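Working notes, beginning with the structure itself.
The values are calculated or read from the model by the stated rules, or taken from the named source; none is laboratory data. Treat the numbers as computed from the prediction; the structure is a model and nothing was measured. Reconstructed Cβ throughout: ideal geometry from the backbone, glycine too, with neighbour counts over all protein chains shown.
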Amino acid sequence: MTDLRTFIYIDRLQPQFAAYVGANARGYIPVPGMAATFVEITPGVLINEVIDATVKSANVQPGLMVVERVFGVLEFHSMAQADVKHAGDAVLKTLGKNIKDRVKPQILSSQIIRKVNPYHAQMVNISRLASMLLPGQDLYILEIQPAAYIALAANEAEKNSKVTLVDCRLVGAVGRLYLSGKQSDIEGAASAAESAIRRVSGIESATK
């Protein structure tokens, strides 16, 4: 049985998030302003059927495909929002699902650390996938499940506040987001990210 863990449409990729996807994916690189959809399913190997339906149904480009033992994740994008939406409909049809069948995301952890210490910043920077965390900045960390919904949180935070994307992990058991900036900007980003996640409808996950 296939579970639709994540299905989310993004109308306009923001500059930092688009750059992150392009730098860390091995597919077709997205650029700011494109529309995108993120899909996460289980079992993971069935993501191959999802990408097949996607690229055959509309003029979209896959930017990210990950096949893990449990989870499969796909991101695809286009400058034409209609193409991305049409490809998304094809995905749902292939899986025999509708938008109501996706898992409703849960916020597992949300924290703001004020005026990060230089040693703390260096430890974060060792493994970060995006920009550097600078000492003295505020740091926002968000953890959600299913993991791929963190894409929505990252994009909405950047859309609504002047922050720096430090790290974003959208594959695995949980999704994590690290943002840095001034106190007021971080607070605005946190509010935008968490509000976007709470607005997503879906079924309650059995995993707590």
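Here are a few things to note about the model shown:
- Qualifying residue in segment 190-198 (condition: at pLDDT below 95 and surrounded by fewer than 18 Cβ atoms within 10 Å (Cβ to Cβ)): no
- When we screen 55, 50, 67 for residues that are within 17 Å of the chain's Cα centre (by Cα), at negative phi and of a type in the set (A, V, I, L, M, F, W, C), the only hit is 67.
- Hey, residue 70 buried (at least 17 other Cβ atoms within 10 Å of the Cβ) and either part of a loop (DSSP other than H, G, I, E, B) or at pLDDT 95 or above (or both) or not: no
- Residue match in segment 111-128 (condition: part of a strand (DSSP E or B), touching a residue at least 60 places away in the same chain (Cβ under 8 Å) and touching a strand residue (DSSP E or B) at 6+ places or on another chain (Cβ under 8 Å)): yes
- Within segment 109-118, being surrounded by 14 or more Cβ atoms within 10 Å (Cβ to Cβ) and of a type outside the set (Gly, Ala, Ser) holds for 112, 113, 116.
- Here segment 1-15 is the region considered, the condition is being over 19 Å from residue 199 (Cα atoms) and outside any helix (DSSP H, G or I), and the residue that is modelled with the lowest pLDDT is 1.
- Filter pass, residue 176 being surrounded by fewer than 24 Cβ atoms within 10 Å (Cβ to Cβ) and touching a Lys or Arg at 6+ places or on another chain (Cβ under 6 Å): yes
Here's the yes/no breakdown for (1) modelled with pLDDT of 95 or more; (2) out of contact with any Cys (no Cβ under 8 Å at 6 or more places or on another chain); (3) exposed (fewer than 15 other Cβ atoms within 10 Å of the Cβ):
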position: 17; (1), (2), (3): yes, no, no
position: 25; (1), (2), (3): no, yes, no
position: 39; (1), (2), (3): yes, yes, no
position: 52; (1), (2), (3): yes, yes, yes
position: 80; (1), (2), (3): yes, yes, yes
position: 106; (1), (2), (3): yes, yes, no
position: 120; (1), (2), (3): yes, yes, yes
position: 123; (1), (2), (3): yes, yes, yes
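- Residue match in segment 125-138 (condition: surrounded by fewer than 19 Cβ atoms within 10 Å (Cβ to Cβ), over 25 Å from residue 193 (Cβ atoms) and at pLDDT 95 or above): no
- Segment 117-146, residues that are within 19 Å of residue 161 (Cα to Cα) and among the β-branched types (Val, Ile, Thr): 141
- One residue from 184, 180, 131 being part of a loop (DSSP other than H, G, I, E, B) and not aliphatic (A, V, I, L, M): 131
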